[in-house]
Amino acid sequence: MEQLVAAVRRFNRTVTQRVGALDDEYMARARPLAQARLLWEIGPDGAEVAALRARLALDSGHLSRLLRALEGDGLVTVGPSGRAGGDARVRHARLTAAGRAEWAELDERSDAFAHSILEPLTAPHRDRLVAAMAEVERLLVASMVVIEPCPPGDPRARACVRAYAREVARRFDDGFDPALSSPVHDADLTPPAGLFLLATLNAEPVGCGAVKLHPGAPAEIKRVWVAESVRGLGVGRRLLNELERRAAERGWHRIRLDTNRNLTEAIALYRSAGYREVEAYNTERYAHHWFEKQLAP
């Protein structure tokens with residue numbers, strides 16, 4: 001791990017130097033990188049302040065200071081949305097005419113800067129660099145996904161469960177009617193009876209999973225779902241591992257689940273994670289496979 005950490009730090013130093021993050025005047029525009037990035041994110045269409053905070057992972061104080069600096073330069077205004085029936089408490093940031101001109105200049109200079117990175121390289125090296133950047137971006141996004149316990153009644157949790165239901169209804173042979181499936185009540189997923197985990201990226205829900213902690217019986221995994229936008233990034237395996245870990249911490253030694261034959265990716269995940277197929281342990285209408293795993297202490 002120490003060698004990996006050293007490699008990440010070396011990469012960070014090279015990137016910050018090459019992209020000009022150390023300069024007080026990013027792209028020679030008399031403002032640091034953080035202000036330039038915020039200006040870019042606001043964009044010609046404007047943006048909600050709360051959305052900017054989530055998207056850039058900034059605390060409220062830091063974002064307020066950056067916005068005040070841009071306001072002081074006459075590039076941004078911050079106020080209510082102005083939409084009919086809109087919530088006056090929701091603040092929006094908008095570019096002024098000067099801000100739009102600065103945004104266009106920043107856009108043009110960003111293209112020129114990207115060209116300056118690619119131009120010295122041979123064509124094969126350009127392709128290698130761009131491919132490597134795409135892979136690094138995907139993995140960095142994966143590292144930004146946060147998995148935490150969440151009350152099952154939270155609106156974000158509800159949104160994930162609805163997305164799960166829509167997807168399985170599309171993929172199951174006979175559709176999916178929650179009323180015909182084995183019930184999963186909020187109380188079943190609330191400690192100490194169980195746990196609901198929510199995966200978020202920039203504060204937006206992108207996955208979920210739950211575990212029911214049955215007294216005197218194996219724990220049971222339910223409602224594992226990952227948004228298409230983050231599939232292939234290992235989020236499903238992380239959710240599964242976290243559910244297992246939390247069940248083991250609470251004293252459970254075995255865990256099980258049921259799944260539908262059309263969820264081939266999920267079946268492959270469970271088998272690769274050490275689950276073995278067992279006889280049916282319930283009468284779930286939509287299940288074709290039942291799996292179980294011994295948990296490490």
| remark: Rounded to the nearest 10, the angle in degrees between the Cα long axis of helix 97-118 and the longest principal axis of the Cα atoms of the chain comes to 80
| task | Compute the accessible area per residue over the range 175-220, keeping the other protein chains in place, probe 1.4 Å, unit Å². | result | 40
| note | Relative to the chain, whose Cα atoms define the longest principal axis, helix 60-72 and its Cα axis are tilted in degrees, nearest 10, by 30
| query | Could you give the distance between the Cα centres of the range 230-286 and the range 110-183, to the whole Å? | reply | 20
| query | Along the range 269-276, what does the Karplus equation 6.51 cos²θ - 1.76 cosθ + 1.60 (θ = phi - 60°) give for ³J(HN,Hα), rounded to whole Hz, x for Gly and Pro? | reply | 4, 4, 5, 5, 8, x, 7, 10
| task | If a cysteine in the chain has no other Cys Cβ under 4.7 Å from its own Cβ, put it on the list, ordered by number. | result | C150
| task | For the range 223-297, report the accessible area per residue in Å² (1.4 Å probe, heavy atoms, rounded to an integer). | result | 54
| request: Would you mind calculating the relative contact order of the chain from Cα pairs under 8 angstrom and at least 6 residues apart, reporting the percent as a whole number? | output: 11
| query | Among rounded, prolate and oblate, which fits the range 153-200 when a ≥ b ≥ c are the square roots of the eigenvalues of its C-alpha gyration tensor, a/c under 1.5 means rounded, and a/b larger than b/c means prolate? | reply | oblate
| request: For the chain, find the longest principal axis of its Cα atoms and tell me its angle to the long axis of helix 33-42, 0 to 90°, nearest 10. | output: 70
| query | Ignoring any ligand, DNA or RNA, what whole percent of the accessible area of the chain comes from carbon and sulfur when the probe is 1.4 angstrom? | reply | 54
| field | With DNA, RNA and ligands ignored, accessible area of T283 (1.4 Å probe; Å², nearest 10) | value | 130
| field | Rounded to the nearest 20 debye, dipole of the chain from Cβ charges on Lys, Arg, Asp, Glu | value | 440
| remark: accessible surface per residue for the range 1-120, probe 1.4 Å, DNA/RNA/ligands not counted, whole Å² -> 64
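The values are calculated or read from the model by the stated rules, or taken from the named source; none is laboratory data. Quantities reported herein were computed from a predicted structural model and do not represent experimental measurements. Virtual Cβ from ideal backbone geometry, glycine too; neighbours counted across all protein chains shown. Accessible surface is based on the protein model in full, side chains and every heavy atom, while ligands, DNA and RNA are left aside. Shrake-Rupley method; radii C 1.70, N 1.55, O 1.52, S 1.80 Å.
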